[in-house]
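Input: a single structure, listed below in structure tokens.
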Amino acid sequence: MCGIVGHVGSEQAAPVLIDGLRRLEYRGYDSAGVAVHVEGGDVKVVRAVGKLRNLEAQLGAAPLVGTVGIGHTRWATHGRPSEVNAHPHVAGPIVVVHNGIIENHLALRARLEERGAKIASDTDTELVAHLVAFKVQEGLDLEGAVRAALRELHGAYAIAVLSKSEPDRIVVAKSSSPLVIGLGEGVTYCGSDVPALLPYTRRMIFLEDGDMAVLTRAGASVTRIETGERADRAEKIIDWSAVMAEKAGFKHFMLKEIHEQPRAIEDTLRGRLDRENADIHGHEIGLTEADATSVTRVVLLACGTSHHAAMTGRYYLEQLAKIPTTVELASEFRGRDPIVGPGDLVIAVSQSGETLDTLMAAREAKDKGAKILAIANVIGSAIPRLAHAAFYTHAGPEIGVASTKCFTTQLANLLMLAIWLGRRRGTLDAAGARELVEGLAKIPVQMRDVVIGTRQLVGNLAKRYRDARDVLFLGRGLSFPIALEGALKLKEISYVHAEGYAAGEMKHGPIALIDSQVPVIVLMPKDRWYERTFSNLQEAMAREGQMISVATEGDDAAHRLTQDVVEIASVPEPLTPFLTVLPLQLYAYYVADFKGTDVDQPRNLAKTVTVE
Ligand code: F6R
């Protein structure tokens, strides 16, 4: 989705804007642009279609000299990717970049055209520029004009605005789209996401929905859009170092992030495992002991990969805490007047904490009286802010669009939550909890062994099957969401058609896909579903599929029956997904790399999906 960066300081703005935009590339984009206040009271705009290097080439030929500016990467919503639709958009003295969607754009366009505005692009953003420009014409200063304009807009947006006649400031605002402010000595920044600003500062302010701010070299003054009242937003110190957001010698961020998972899990578990008492330190979970026993139902809300983590979470919550649990695609939850309310615990799972579908679904559940718990990776993002409590994963910044380390850290939080609830509800005894707590403590080392120990074999399999037209992933029970996740990873970065299926469901349809050309990856760790998965494996073999198994080490039957076996350590059943998913992530990565696709920024995808 679109990215915004802004700089008001004493150094040159353009290099900082480009660098920040580069750090937001992972969000996905199809054009980019910058605007800088230059000598003589003017603002110059440069825009280019395609990758940032095209914009840089233009800036190289005609540099923009000035210390105040805004930049943008655009992911097309209104109007195709083109230079005229790229941001920044200009109307009179006003220059705007915008992320999100203005819902009342049709009525607004008609109104502005009636007043004589000449609208050059198909975008909703240009309308914002014209509206602010009219307010300036009416005698308002930049801040007043932006405030007055925003009161007439509906939708989800983050914007940054310059005025040719006020060269020392940027006015920003947000409603349901991410925007952070970075504070430095004599310099202030804004950005769509923390990583864009990390090399420059760790002092951040997270705006609330309905906030606007004036950024000057002296800092940021935040007010409410509607009332104009001052809003004091505490400064937060972000402890992700900029180095963590670099590739660290790996060819792609995704490969780095796959390898980082043991560390990400260690960071996520730190301070939370109570090994002495076979329990979880649950203070961040935001539930009281009474809540733990009184909750009658859990509803998990999520999208995409986070939805697969949520599906795994349902097993944990049902098995360990014995709570009836449903899992909902957030995009399907809204609009059907879901039955949810007091007594329900709604858990919104989202790495970015900004996914609009999940945010809106959680808001609806909250409005209906449910208790909302967020599981998110980005501190201070919208979903945790909306929730009653946030139980953060500590994966560090995830840059590859395809989620890997955020997924496994979500599993860790869901499992810890289920153990904590199970202990309080009397459904998980001390011995059972001890096995899991000790298992969690050991899992980072076992994950490292799987990544390092299987990557060569998985790379060879990827090479062998890279031209396969279809790939099937099968699993039962805890391996079913992992089969779905394996298929999603392969689809999104290598563009190979893949299906994840509950192994027992295969005979009801997808078995028709199998022939000697189709690799079938069967997840069959030694768990309660093993025997039945084994039967399904034989059904697939009988159709001459190219069988690959992900199996527990020492499983002779797997070795006898499947051409290739990727081995994982034997772990307590709830921990198997932490290991089985790793070779699937690697498989998707290597197939994509052999095919030469854009692994970290696959076509059409965005890291943070802020449209419905
Ligand atoms: C796939 C992927 C997406 C996200 C989905 C939800 O690799 O990353 O499917 O999982 O867009 O995003 P979050 O977790 O940020 O809510």
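Structural remarks
- Those strands (runs of 3 or more DSSP E) of segment 2-82 in which 1 or more residues are surrounded by fewer than 20 Cβ atoms within 10 Å (Cβ to Cβ) and not acidic (Asp, Glu) occupy 31-38, 42-49.
- When residues of segment 90-142 are limited to those that are assigned to a strand (DSSP E or B), crowded, with 21+ Cβ neighbours inside 10 Å and among the aliphatic types (A, V, I, L, M), the one modelled with the lowest pLDDT: 102
- Across segment 428-484, the number of residues qualifying as in contact (Cβ under 8 Å) with a residue 12 or more places away in the chain and polar (S, T, N, Q) comes to 3.
- Verdict on residue 365 being farther than 17 Å from residue 410 by Cα, within 12 Å of the ligand (Cβ to nearest atom) and either assigned to a helix (DSSP H, G or I) or in the same structural domain as residue 193 (by TED's automatic domain parsing) (or both): no
- Residue pairs whose Cβ atoms lie under 9 Å apart, separated by 6 or more positions or on different chains, with the first residue in segment 199-221 and within 23 Å of residue 10 (Cα to Cα) and the second among the hydroxyl-bearing types (Ser, Thr, Tyr) and in a loop (DSSP other than H, G, I, E, B), are 202/241; 217/10; 217/67.
- Which numbered condition residue 178 fails, given (1) open to solvent by 10 Å² or more (accessible area, probe 1.4 Å); (2) in a loop (DSSP other than H, G, I, E, B): (1)
- Condition broken by residue 18, with the remaining ones in (1) farther than 23 Å from residue 603 by Cβ; (2) touching a residue at least 24 places away in the same chain (Cβ under 8 Å); (3) of a type outside the set (Phe, Trp, Tyr) satisfied: (1)
- Filter result for residue 443 (buried (at least 24 other Cβ atoms within 10 Å of the Cβ), over 18 Å from residue 593 (Cβ atoms) and within 17 Å of the chain's Cα centre (by Cα)): no
- The set of residues in segment 358-399 that are more than 30 Å from residue 255 (Cβ to Cβ) and either open to solvent by 30 Å² or more (accessible area, probe 1.4 Å) or of a type in the set (S, T, N, Q) (or both) comprises 360, 363, 364, 366, 367, 368, 369, 371, 385, 388.
- Taking segment 186-237 as the range and being in contact with a Gly (Cβ under 9 Å, 6 or more places away or on another chain), assigned to a loop (DSSP other than H, G, I, E, B) and within 24 Å of residue 21 (Cβ to Cβ) as the test, the residues that pass are 186, 187, 192, 193, 198, 199, 200, 201, 202, 217.
The rows are residues; the columns are (1) assigned to a helix (DSSP H, G or I); (2) open to solvent by less than 50 Å² (accessible area, probe 1.4 Å); (3) at negative phi; (4) within 12 Å of the ligand (Cβ to nearest atom).
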| position | (1), (2), (3), (4) |
| --- | --- |
| 276 | no, no, yes, no |
| 290 | yes, no, yes, no |
| 293 | yes, no, yes, no |
| 298 | no, yes, yes, no |
| 306 | yes, yes, yes, yes |
| 314 | yes, no, yes, no |
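- Taking (1) modelled with pLDDT under 95; (2) in a helix (DSSP H, G or I) in turn, residue 446 satisfies each apart from (1).
- Only residues that are among the acidic types (Asp, Glu) and more than 22 Å from the chain's Cα centre (by Cα) were counted in segment 465-497, giving 2.
- Selected residue [touching a Gly at 6+ places or on another chain (Cβ under 7 Å) and open to solvent by 20 Å² or more (accessible area, probe 1.4 Å)] from 252, 283, 259: 252
- Within segment 327-340, if we keep just the residues that are part of a strand (DSSP E or B) and over 12 Å from residue 365 (Cβ atoms), the residue that is farthest from the ligand (Cβ to nearest atom) turns out to be 327.
- Within segment 471-495, if we keep just the residues that are open to solvent by 10 Å² or more (accessible area, probe 1.4 Å) and within 12 Å of the ligand (Cβ to nearest atom), the residue that is farthest from residue 525 (Cα to Cα) turns out to be 492.
- Hits in segment 401-442 - residues which are within 15 Å of residue 306 (Cβ to Cβ) and among the small types (Gly, Ala, Ser): 402, 403, 412
- Any hit, segment 341-362, residues being away from the ligand (no atom under 14 Å from the Cβ) and out of contact with any helix residue (DSSP H, G or I) (no Cβ under 8 Å at 6 or more places or on another chain): yes
The values are calculated or read from the model by the stated rules, or taken from the named source; none is laboratory data. Remember, predicted model here, so these are calculated numbers, not experimental data. Reconstructed Cβ throughout: ideal geometry from the backbone, glycine too, with neighbour counts over all protein chains shown. Ligands, DNA and RNA are stripped out before the accessible areas are found, and what is left, the full protein with its side chains, is counted by its heavy atoms. Shrake-Rupley method; radii C 1.70, N 1.55, O 1.52, S 1.80 Å.
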